[in-house]
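Every number in this text was worked out from the coordinates using simple rules, so none of it is lab data. Since we're looking at a predicted model, the values are computed, not measured. Glycine gets a Cβ as well: all are built from the backbone with ideal geometry, and neighbour counts include every protein chain shown.
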Amino acid sequence: MTTKPPHGLGRNAANYGDRDFALYLRRSFAASMGYSRTMLEKPVVGIADTASDYNNCHRSVPELVEAVKRGVLAAGALPLAFPTVSLCEPSLTPTSMHYRNLMALDTEAMLSAQPMDAAVLIGGCDKTVPAQLMAAASADVPSVMLVTGPMLAQRFEGERLAACTDCRRYWARYRAGDVTRERIGEIEGKLATTSGTCGVMGTASTMACIAATLGFMPLMAASAPAVHSDRLRMAEEAGALAVRLITHPVKPSQLITGKSVENALRVLLALGGSTNALVHLAAIAGRAGVKVDLKRLDALSEETPVLVDLKPTGEGYMEDFHAAGGMVALLRELRDLLHLDTIDLYGQTLAEQIDAGTPFVDRTYIRARNAPVSPVGGLVSLFGSLAPDGAILKRSAATPALFETEARCLVFDGLEDLANRIDDETLDVTPQDILILKNAGPLTPAGMPEAGYLPIPKKLARHGVKDMVRMSDCRMSGTAFGTIVLHIAPEAAAGGPLALVETGDRVRLSVKERRLDLLVEEAELARRRAAWQPPQKPKRGWDKLMFEQVLQAPEGADLAFLRPEGE
Ligand code: FES
């Protein structure tokens, strides 16, 4: 007689040394919640519920959980929601990035430890989707990704506003003295007026599109607005799909492959998407043993046009992208550049998914290949004596006239130094200088914040200076713009060459040659290296674990011991 493998509540029994007793106890406690024996014998779909009063982007999660449950029940399984860490971009100090790996660790542990046959992961805000996909990759439990969806833009005095590009745009105008204190206060209440994630092609939206490209959700589910009834129908479908995965399993390890990751890089480039997505994709792929190679990214960028015209670099909002045909229309346009034999959770190939979509496209927001927003991709990688392991520039958000710059640099030693001096009227700075921020990478207590968008010094902003070359070892919000070099690796706190740069040094950026160089004699650098002091190790808790284990940006700033090669 063959014994059926455990399913539903029978999975992952607690360890009392008596499996039958463990299951007896589990069922009796579960029965206390009012479930019938019939329900307790069904297969189980776990639902990662990330509702939190601290997470405005997840305001709609409770009704999504209800809709997922409907889908699960109608398909014949038992839905069990469970809480995990939930991260909202502006609500955390030092930054939500510092806790992405904690959310991934928490979610992976709960996916692996609790009894479930499949899962629905409800995410949305910037770090939640990467954390959940990292967790799914490591736990390798069949998982559907459901995002909360983007907010709608607000109509206000003849223009449309949505977080967070318009937040930055108005704040820059306020700093430059164009907008009064009263006006900026009035606009504060108009920037995020519905539930959902930022309404532009920032990190959250880019990651939703990447999750769909990897196959973790139906293509159109990446962009349906948070408040649209389609979003709830998609949640119902996510529940039903999770039940389907119990009998037709497709595991994360089948979705995250070299080919699907390359497709995701193409999509990132064609979207003109967030630079943060590159770090997150490297972390997700790394969990599945797939490396994101910055040189390969650069090669793909040369042959992948930017086709999507959305803020922060273009004109539209996420609701426009969705109405224009969304991911189906974009992938159809990219078709000959993609690996079409990757699969989704239904087991459909990418070609089949594209063919099954509606043929409509609105060319205002999703351009044809022969009339792109830009003939080349949005990101380039840079290497050189200042960034031996690489750095990134979002050229689609940068000023082409600054692409070839050799100049004196003005260095800020960390975030506090930046805050203390950037607006000092006596600051020795000209519009031609390069601003450099160091000690803000993954190893620092700052936790690789989105501080790479160094503000233009007020004394220059007042005179109309809108962009300068800026460089750092930290990140930039996906909703920001400017000639900004990010993710310099190794970071300053790890003793990379960035640690040795001093105000007055000459630095050279060449986008044409993909170079980033520090023009200082080797003997002088050796002198500075000998005097360099490593940062102090945090004494306890999460900060200590991060310091001891966090990898550099090209490896996704993941924890070394959670990667396959670190196990
Ligand atoms: Fe949550 Fe922008 S703050 S997506």
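Descriptive notes on the structure:
- Taking other C-beta atoms within 10 Å as the exposure proxy, Lys537, Lys311, Lys291, Lys69 rank Lys537, Lys291, Lys69, Lys311 from fewest upward.
- Between 0 and 90 degrees, the angle of helix 165-175 with respect to the longest Cα principal axis of the chain falls at about 30 degrees.
- Ser510 paired with Trp532, simple spin-label distance in nm, labels 7 Å along Cα-to-beta-carbon: 2.4
- Against the chain, whose longest principal axis comes from its Cα atoms, helix 258-271 is set at around 50 degrees.
- Whether the stretch 388-515 is rounded, prolate or oblate, judged on the alpha carbon gyration tensor where a/c under 1.5 counts as rounded: rounded
- Within the straight-line cut-off of under 20 Å between alpha carbons, the lysines reachable from Lys259 are Lys251, Lys291, Lys295, sequence neighbours fewer than 8 places apart in one chain being disregarded.
- Each peptide in 200-209, 168-177 was scored by the mean count of other Cβ atoms within 10 Å over its residues; highest first, the order is 200-209, 168-177.
- Gain in span if fully extended, Asp467 to Asp18, counting 0.36 nm per residue against the direct Cα distance: 155.0 nm
- Note on Phe481, Phe547, Phe360: ascending count of other Cβ atoms within 10 Å places them as Phe360, Phe547, Phe481, the fewest first.
- For the chain, the longest principal axis of the alpha carbon atoms and the long axis of helix 19-31 meet at an angle near 80°.
- With R₀ fixed at 30 Å, the C-beta to C-beta distance from Ala109 to Ser253 puts the FRET efficiency at about 0.95.
- Computed from the C-beta positions of Glu522 and Glu425, the FRET efficiency with R₀ = 45 Å rounds to 0.75.
- Farthest toward positive dipole pole in the chain [+1 Lys/Arg, -1 Asp/Glu at C-beta], among Ile284, Tyr16, Phe321: Tyr16
- Förster-model FRET efficiency, 35 Å R0, Glu186 and Gln549, C-beta, rounded to 0.05: 0.20
- Ordering of 219-226, 332-339 by packing is 219-226, 332-339, highest average first (other Cβ atoms within 10 Å, averaged per residue).
- Residues whose amide H comes within less than 5 Å of that of Gly316, counting only those at least five positions distant or on another chain, are Leu310, Lys311 (H built at 1.01 Å from N in the peptide plane).
- Residues of type lysines that Lys459 reaches as a straight line, Cα spacing below 28 Å, ignoring anything fewer than 8 places off in the same chain: Lys311, Lys394, Lys438
- Tensor-based shape of the chain (alpha-carbon gyration tensor, a/c under 1.5 rounded, otherwise prolate or oblate): prolate
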